[in-house]
1. Rank these for me by crowding, 205, 108, going from fewest to most other beta carbons within 10 Å.
2. Rank these for me by crowding, 109, 194, going from fewest to most other beta carbons within 10 Å.
3. How large is the dipole of the chain about the Cα centre if only Lys and Arg carry +1 and Asp and Glu carry -1, each at its Cβ, rounded to the nearest 20 debye?
4. Would you mind checking 142/283; 32/232; 34/142; 142/303 for any pair whose Cα atoms are more than 30 angstrom apart?
5. Based on DSSP H runs of at least 4 residues, each adding -39500 (n - 2.57), what is the mean residue ellipticity at 222 nm of the chain after dividing by all its residues, to the nearest 500 deg cm²/dmol?
6. Relative to the longest principal axis of the C-alpha atoms of the chain, give the angle of the C-alpha long axis of helix 175-189, reported between 0 and 90° and rounded to the nearest 10°.
7. Between beta-carbons, use under 14 Å as the cut-off and find the net charge around residue 331, counting Lys and Arg +1, Asp and Glu -1.
8. Give me the net charge for the shell around residue 190: Cβ to Cβ below 11 angstrom, other residues only, Lys and Arg +1, Asp and Glu -1.
Amino acid sequence: MEPKVSPRYIQTSLAASLTLGFQQGSFHRNAKLKGLNLLLHYEGGCLGRCAFCGLSRSRQEGPKGKTFIRVDWPLYPLEEIIERAKVNQLVHRVCISMITHPQAQKDTVYVIRKFKEETDLFISVLITPTLIQNIESLREMKNAGADRVGIAIDAATPELFDRLRGRGVNGPHRWDHYWNVVRMAIEVFGRYDVGIHLIVGLGETEKEMVGVIQRAQDLGASTHLFSFFPEKGSPMEGYPSPPLDQYRRIQLARWMINERLGRIDQMRFDENGRLSRFDLDIKPLIQLGEPFMTSGCPGRDGKVACNRPYGNERPSDPIRNFPFMPEQEDIEEIKKQLGIS
Ligand code: SF4
């Protein structure tokens, strides 16, 4: 029997699988998914060894197989996903995640073309910079039909990146190369049509995290936050998620910087690098709720399509990235988490 691998088969996030009707169920608090997240799949898996990732080669596999950003990723034929996506009115965008595998570049272009030919969805690619050796590879993705790319830098500093994704784990990824690819991607896709993923809670200070957000913003890339979640079987399974107050401050700072309402130089940090003052009245901003919503690539309506419900926590835990506008009750909770009355 032929192996079920990409590009003929591709994994979907659990949320995408539910939205396309492959599985039955609804989301906690009735969140709606507008972006389909897909993941290339190969028998050898991802050649990366990132210490925090459920796909990592260094991970001990659990009974349910590998997970990526906390949730399960079931495998389906690409054609069937496309057929279901065509008739789904909810979905605005599809995102194809490459993994670190020699076939991934070629197969990503194939999958982009298929979606472009057969659907009217917007197309993002979460690229693996380690596989991108020149600007032509990015142009090929754009010409095939992708309009945005995401780059998961994940760690806020070169030291953490090297320790958790590079030499420290015998992994292939390099900080400088990632940022070179960010610059190339901005040249090909345009300013702010490139998004950088960052994981809060990998051991960085708040000042370091706000610093990398500002760096991305100044280069022409927006930033999308994730909260570290200890993936079972990964080398970091014993590490805690970041405290909620830390995560909320970083969400606020990211939103201000991306909305050009503030810069790092107007913010104050204490001797431990903790964000101690925004130099702006944050109460009305908290009341808006939007700073605490998932940030990601937009849909047809210009609003975030990639809302990744429950990608950061169990449904029973407090929501970190809201996949919908927080309600007043949520805002009160957020104020408490931030220690604001
Ligand atoms: S924000 Fe979402 S759609 Fe955009 S690149 Fe990241 S995962 Fe993909």
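Each value in this text was obtained by applying a stated rule to the coordinates, not by laboratory testing. Treat the numbers as computed from the prediction; the structure is a model and nothing was measured. Quick reminder, even Gly has a Cβ in these numbers, built from the backbone with ideal geometry, and neighbours come from all protein chains shown.
1. Going from least to most buried by this count: 205, 108.
2. Taking fewest neighbouring Cβ atoms as first place, the list is 109, 194.
3. With only Lys, Arg, Asp and Glu charged at Cβ, the dipole is about 260 debye.
4. Flagged as over cut-off: 142/283.
5. -9500 deg cm²/dmol
6. Roughly 70 degrees between the two axes.
7. Around residue 331, the surrounding residues sum to -2.
8. The answer is 0.
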